[in-house]
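Just so it is clear, none of the values below were taken in a lab; they were calculated from the coordinates. Remember, it's a predicted structure, so these values are computed and weren't measured experimentally. Positions of Cβ are generated from backbone atoms using ideal geometry, with glycine treated the same way; all protein chains shown enter the neighbour counts.
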Amino acid sequence: MFKVEHYTKSKEENYALVIKQLSSLLEGETNRVANLSNASALLNQFLDRINWVGFYLLEENGELVLGPFQGLPACVRIPLGKGVCGTAAKSKQTMRVPDVHQFPGHIACDAASRSEIVVPILKEGKVIGVLDIDSPELDRFDEIDEKMLEEFVKVLASYM
């Protein structure tokens with residue numbers, strides 16, 4: 001049984017613990033929906049000051065489609081290259097947006113969201129989806145979040 005640990009160390013050490021917990025959760029499981037569901041629940045439990053965490057999966061038609069998440073109901077389809085998620089998927093680069101209202105073409109699914117980080121999920125060099133995390137605070141995400149969430153996504157992608 002998965003046991004939730006208390007996160008009392010440095011930010012990097014806490015993220016390392018979460019990544020270790022992710023590996024334990026995913027070990028031996030091949031179902032993508034189950035793995036993404038547990039990953040979003042784990043991040044929702046770990047991260048403070050967020051209001052949405054989840055995944056969008058890239059379909060062959062070039063649209064990102066809503067996958068497992070924690071938070072309020074969300075936009076179901078996002079065209080590649082549109083909004084923060086579509087831009088991150090198209091560029092294959094993490095997008096850290098301190099103020100979503102300053103991002104051209106931002107797609108507002110939750111009016112409370114003020115900042116956002118989106119990490120592309122790559123498998124064999126191809127984007128298969130994105131991890132999307134929103135916060136009601138301006139400039140919630142920093143370089144450590146970016147680096148460690150990229151590591152989190154690499155582990156997750158290895159099970160997809």
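Structure notes:
- Summing charges over all other residues whose Cβ lies under 14 Å from the Cβ of residue 134, with Lys and Arg as +1 and Asp and Glu as -1, gives -4.
- Net charge of Cβ neighbours under 14 Å - reference residue 12; Lys, Arg +1; Asp, Glu -1: -3
- Counting lysine pairs in the chain that sit 8 or more residues apart in sequence, or on different chains, and whose Cα atoms lie under 14 Å apart gives 11.
- The stretch 35-116: relative contact order in percent, alpha carbon pairs under 8 Å with at least 6 residues between: 21
- Computed [θ] at 222 nm, helices only, for the chain once each DSSP H run of length n ≥ 4 contributes -39500 (n - 2.57): -11500 deg cm²/dmol
- Formal net charge of residues neighbouring residue 114 (Cβ-Cβ distance under 12 Å; K, R +1; D, E -1): -4
- If R0 is taken as 41 Å, the Cβ-Cβ distance between residue 101 and residue 27 corresponds to a FRET efficiency of 0.50.
- When peptides 153-160, 29-36 are sorted by average Cβ neighbour count within 10 Å, with the highest value leading, the order is 153-160, 29-36.
- Note on the stretch 51-123: Rg/Rh from Cα positions, Kirkwood definition for Rh, rounded to two decimals, is 0.92.
- Three semi-axes of the equivalent ellipsoid, the chain, Cα gyration tensor, whole Å, largest first: 23, 19, 14
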